[in-house]
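Heads up, the thing below is written out as C-alpha cells.
Please treat every number below as a calculation from the coordinates, not as lab data. If you're wondering where the values come from, they're calculated on a predicted model, not measured in any experiment. A quick note on method: Cβ atoms are made from the backbone with ideal geometry, for glycine too, and the neighbour counts reach across all protein chains shown.
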Amino acid sequence: MVGMEVSDSPVNRDLLAYLRANATRGTGGPYEQDGWQLHTHPDLIERLGEIARSDRAVVPLYGYVVLEQRGVAVVAAISMHHLLFRLPTPPDGVEAASPIDPLCDRGWHAVHAWASDLGRLTRLVKEARQHGNTLAARSES
C-alpha cells in the first residue's frame, strides 16, 4: 500500500507516477501533509470530503489528496480547483477543467470543483466508486 488505503498495484500506476513526479518533500513548513508539501488547496480537500460524504476514504498521497475505493484511486484533488474522476466515459453536467496530461488520456476526467453543481459532483463520486469496484474486481482476478 502506498497511502493508508491506496494500492500500489498496476490499476493505480498512472496516477501514482504523476503524483510522485510532481511531489515535493516537506521541510517542516505549515503547508505539509505526511511529510510532503501540499499540492492540494485545503478548501479543495474540504470540498472533496464534502462530496465524498466520508473523510474515511479521503487519503493523503504525496501532498495531494485522493478518494479510494477498495484500494483503487477513484478521485484526485489537485491544485485549487481540479477534481480528477476515474470514469469509463467523460462525465456530463459538469464544467470540464483543463486536462492534466497524461492522466486525462488514461481514464481520468478533469472537472472544475467550484463551477460544477455540488449534487452532480456527489453523484460523480458514486459513479467513480462503482467504477473503482469494477477495476478492483478485475485486478483481483
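Structure notes:
- Of the residues SER7, SER98, SER79, the one with the fewest other Cβ atoms within 10 Å heads the list, and the complete ranking is SER98, SER79, SER7.
- Contour excess over end-to-end distance, with Cα ends at GLU46 and GLU95 and 0.36 nm allotted per residue: 15.7 nm
- Between LEU118 and ARG138, the simple spin-label model (points 7 angstrom out along Cα→Cβ) gives 3.4 nm.
- Residue-averaged [θ]222 nm for the chain, counting only DSSP H segments that reach four residues, each worth -39500 (n - 2.57): -10000 deg cm²/dmol
- Separation between Cα centres of the range 85-108 and the range 32-80, rounded to whole Å: 17
- Mean Cα-pair separation over length for the chain, i.e. relative contact order, pairs under 8 Å, 6 or more apart, %: 22
- With 0.36 nm allotted per residue and the present C-alpha distance subtracted, the GLN130-GLN37 stretch has 30.4 nm of extension available.
- Antiparallel %, DSSP beta bridges [both residues in the chain], to 5: 95
- Top positive-direction residue, dipole computed over the chain with Cβ charges, set VAL111, GLY132, GLN37: GLY132
- Placing +1 on the Cβ of every Lys and Arg and -1 on the Cβ of every Asp and Glu, with no other charges, gives the chain a dipole of roughly 300 debye about its Cα centre.
- Shape class for the range 1-85, computed from the alpha carbon gyration tensor (a ≥ b ≥ c): oblate, with a/c not under 1.5 and a/b at or below b/c.
- Gyration tensor verdict on the range 40-141 (Cα atoms; rounded if a/c is under 1.5, prolate if a/b is larger than b/c, oblate otherwise): rounded
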